[in-house]
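Accompanying notes for the structure given below.
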Amino acid sequence: MKQFSSFSHARSKILAGTALAAIIGTMTMSSAYAAAVSPQLVNQYADMCAKQSINIPSPYGEADLKGNPKLDSYCKCFAGKFAERAMATLQTGDTATFTPNSLNDSVKQENQMRNSCRQQVGLPLLKFAP
């Protein structure tokens, strides 16, 4: 039970960080700048993936990829997709308060992006609870 609590806490931290990044991004980026995905933003997401998500157990994180030589390729793929989604959200101004449904939809999208990148670089797919 304690381990599940750690997973939930880690997942909450990631989601809170994502929401905070979107809010800060909205306040600091002009809509013209938001039209292009910044390579710096992609690099920041990839760095976070490679250094932080490998400490979160699967299927919530990428602990199963720790030490895998394909980790960097996977993280770059996911970071690109994640940054594109963040920029699209900023462009549409759809940064309203998360509801349970929108949060669940966001998690589903992220899981699909993760498995898409895992497949692209030849890593095992993750299984998620329905």
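The values are calculated or read from the model by the stated rules, or taken from the named source; none is laboratory data. Values in this document were obtained by computation on a predicted structure and should not be read as measured data. Positions of Cβ are generated from backbone atoms using ideal geometry, with glycine treated the same way; all protein chains shown enter the neighbour counts. Ligands, DNA and RNA are excluded from the accessible area calculation, which covers all protein heavy atoms including side chains. Shrake-Rupley method; radii C 1.70, N 1.55, O 1.52, S 1.80 Å.
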Checklist entry - What does the charge dipole of segment 39-121 about its Cα centre add up to, to the nearest 20 debye, if the Cβ of each Lys and Arg holds +1 and the Cβ of each Asp and Glu holds -1? => result 200 debye
Checklist entry - Solvent-accessible area per residue for segment 39-121 at a 1.4 Å probe radius, Å²? => result 59 Å²
Checklist outcome for this item: Net charge near Gln119 (other residues with Cβ under 13 Å of its Cβ; Lys, Arg +1; Asp, Glu -1) is +4
Checklist entry - In what sequence, largest accessible area first, do Met113, Met48, Met87 appear using a 1.4 Å probe? => result Met48, Met113, Met87
Checklist entry - With the Cα gyration tensor of segment 39-121 giving a ≥ b ≥ c as the square roots of its eigenvalues, does the rule (a/c under 1.5 for rounded; else a/b larger than b/c for prolate; else oblate) give rounded, prolate or oblate? => result prolate
Item to check | Ranked by how many other beta carbons lie within 10 Å on average, peptides 78-86, 118-126 from highest | outcome: 78-86, 118-126
